[in-house]
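**Student:** Got a structure here, written out as structure tokens. Questions coming.
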Amino acid sequence: MMKGSDILVRALENEGVERIFGVPGEENLDVLESLRNSTIQLVLTRHEQAAAFMAATYGRLTGKPGVCLATLGPGALNFSTGAAYAHLGAMPMILITGQKAIMSAKQARFQIVDVVGSMRPLTKMTRQIVSAASIASTVRDAFRVAMEERPGPVHLELPEDVAGAHVGDVQIIPPHPLDQPIAPATAIDRAADMILAAERPLVMIGAGGNRPQLVAPLSDFIRETGLPFFNTQMGKGAVTGGSNLYMGTAALSEGDYVHDAIALADLIIAIGHDTIEKPPFLMREAGGPKVVHISFQSATVEQVYHPDAEVIGDVGTTVAELTHRLSGKLAEQRQMLDLRQKILERLAERAEESRFPVTPQRLVHDVRAVMPHDGIVCLDNGMYKIWFARNYRTHEANTLLLDNALATMGAGLPSAMMASMIYPDRRVMAVCGDGGFMMNSQELETAVRLKLNLVVLVLNDGAYGMIRWKQAVDQFPDYGMTFGNPDFLKYAEAYGAKGSRVASAEGLIPALEAAFKGGGVHLVDCPIDYSENTRVLVEELRNKVPSVDLA
């Protein structure tokens, strides 16, 4: 005879699960005891939201679902933001929540909400497990669904009486590889013909192109065809930003310098674009570049994105076939590459300015200077995200983690904690605004307890800066966006972390270097000057002229 919770844990071990993140409750006690006797590590967090962010980031970095655990009611509902984060960001994840017994009602309706119903719009699948005998097959199905394209979260609710029920031996179903369907040769031929017929083709790599298994085929495609490329925010790093074919990142929807390249192009090859991202460019009436959509799934037709042709199937296979058809057949894009130099020169302006508080350009420049090629920067959500997307050059895949889908605050620190756990020998940095940091700052204790090596750079402006900036741009009075902060050094030290404060622009690099060399969890408090938001992102871009003659 086997207990339901033992079956659950054996099924998770069968899937290769090594860690579960979460905050258990009364309804999880059988599961907790089964975990105690398993090979799986329970990583206790201080809030369920952080556990979900960590599990989602595990899925993003590995391609395998991360797993998180919470109790019923309030604990389960605290998973909601993390579920949406994974759902919009296409990150495979399994959320397991408890529930009161379903074969009795000794506590009536106490703490009971319809968690399965609440998770339905936030997940790929949500299911209450009603029989211990079905646990193993349900877990196997959950992992399969979470990993299938488009990846995302799956929710399982395990009532406490089902977890504690005993049944006869249950077969644990072994996992098998998931192979993606391959695009028809006719669709690949059509795309190749369109690229060969174009005078100025340009590749765009979106979020769906930034899967761990696509790094090699995408890099080969760009190198062998010589096609210039740009990326969306979440496509950043899929192909090295050090490539001499990299045109930039579309951090805004229009009007930025990279959009001069988009305007110059007569064909855009959109690889893995997911319209869940803020639009990297806007398709308008006739006259703009044609678009070929290459992805695992057909395009979602939007007012601003409606491709002229689609190639649907395994992206790695598709780009490998296109490489074979196009290699050596395309002329050098001299006009596009001349424009590239002008774009990158504009992005490099004022990168070493000594003004203090630190400007966003100097911030990005100095972070890049202290991070090795494989160092991982995890951004929370705020105005600095646009500056990192525009100005930060990636050299390896998944070394700049940002969220341009749900764009939630509070994910930066948990995401960096997960990256540090997966890659303990790499430099990992969380970059957070003071507002976003304080939403999950309690996880400093978790990071210290786990003995992580992690630098947390807190950008201190005493406000919800992105919304305050938009408020000013839209000519509203300055209202409702400012707050006070704790002494961040004392705050870090209270959790057992280290802390330091940047006192000059020239002091940022030494502070970050000292934090990394000192090891452990180290918070760096850095004042930031966001006046450049208006000067560059509003006034300069509004008044700029195209860098090339587009006639």
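Where a number appears in this text, it was derived from the coordinates with a stated rule and is not lab data. None of the values given here were measured: they were computed from a predicted structure. Note that we place each Cβ from the backbone using ideal geometry, even for glycine, and neighbour counts take in every protein chain shown.
**Student:** What ranking of 234, 438 emerges when the number of other C-beta atoms within 10 Å of each C-beta is taken as an exposure proxy, fewest first?
**Tutor:** The order, fewest Cβ neighbours first, is 438, 234.
**Student:** For residue 544 and residue 494, compute 0.36 nm times the residue count separating them, minus their Cα-Cα distance, and round to one decimal in nm.
**Tutor:** Numbers: separation 50, 0.36 × 50 = 18.00 nm, distance 4.84 nm.
Full extension from residue 544 to residue 494 adds 13.2 nm.
**Student:** Could I ask something else about it? Which aspartates and glutamates, if any, have their Cα less than 19 Å from the Cα of residue 517, not counting same-chain residues under 8 positions apart?
**Tutor:** 366, 374, 425, 493, 506, 525
**Student:** Follow-up question, since we're still on this one. For labels at residue 334 and residue 514 in the simple 7 Å Cα→Cβ model, what's the distance in nm?
**Tutor:** 5.3
**Student:** Would you list which lysines come within 28 Å of residue 64, measuring only between C-alpha atoms, while excluding same-chain residues fewer than 8 positions from it?
**Tutor:** 3, 124, 236, 278, 385, 451
**Student:** How much length is gained on full extension from residue 190 to residue 36, taking 0.36 nm per residue of separation minus their Cα-Cα distance?
**Tutor:** Values: separation 154, 0.36 × 154 = 55.44 nm, distance 5.59 nm.
Between residue 190 and residue 36, full extension yields an extra 49.9 nm.
**Student:** Quick check: pseudo-label points 7 Å beyond the Cα along Cα→Cβ at residue 275 and residue 178, how many nm apart are they?
**Tutor:** 2.4
**Student:** Which distance in nm do the two modelled labels at residue 1 and residue 171 give, with both placed 7 Å along the Cα-to-Cβ direction?
**Tutor:** 2.4
**Student:** Counting Lys +1, Arg +1, Asp -1, Glu -1, what net charge surrounds residue 183 among other residues with beta carbon under 12 Å of its beta carbon?
**Tutor:** Cβ neighbours under 12 Å give a net charge of -3.
**Student:** Quick check: net charge around residue 359, other residues with Cβ under 14 Å of its Cβ, Lys/Arg +1 and Asp/Glu -1?
**Tutor:** Working: positive: 350, 355, 362, 390, 535; negative: 349, 352, 353, 366, 461, 506, 529, 532, 540.
Residues near residue 359 contribute -4 overall.
**Student:** For an R0 of 56 angstrom, estimate the FRET efficiency from the Cβ-Cβ distance between residue 531 and residue 104 and round to the nearest 0.05.
**Tutor:** 0.35
**Student:** Within 10 Å of each residue's Cβ, count the other Cβ atoms and sort 193, 525 from fewest upward.
**Tutor:** Ascending number of Cβ neighbours within 10 Å: 193, 525.
**Student:** Still on this structure, please answer the following. Please rank 154, 115, fewest neighbouring Cβ atoms within 10 Å first, as an exposure proxy. Spell out each step's value before the answer.
**Tutor:** On the way: 154 28, 115 24.
Taking fewest neighbouring Cβ atoms as first place, the list is 115, 154.
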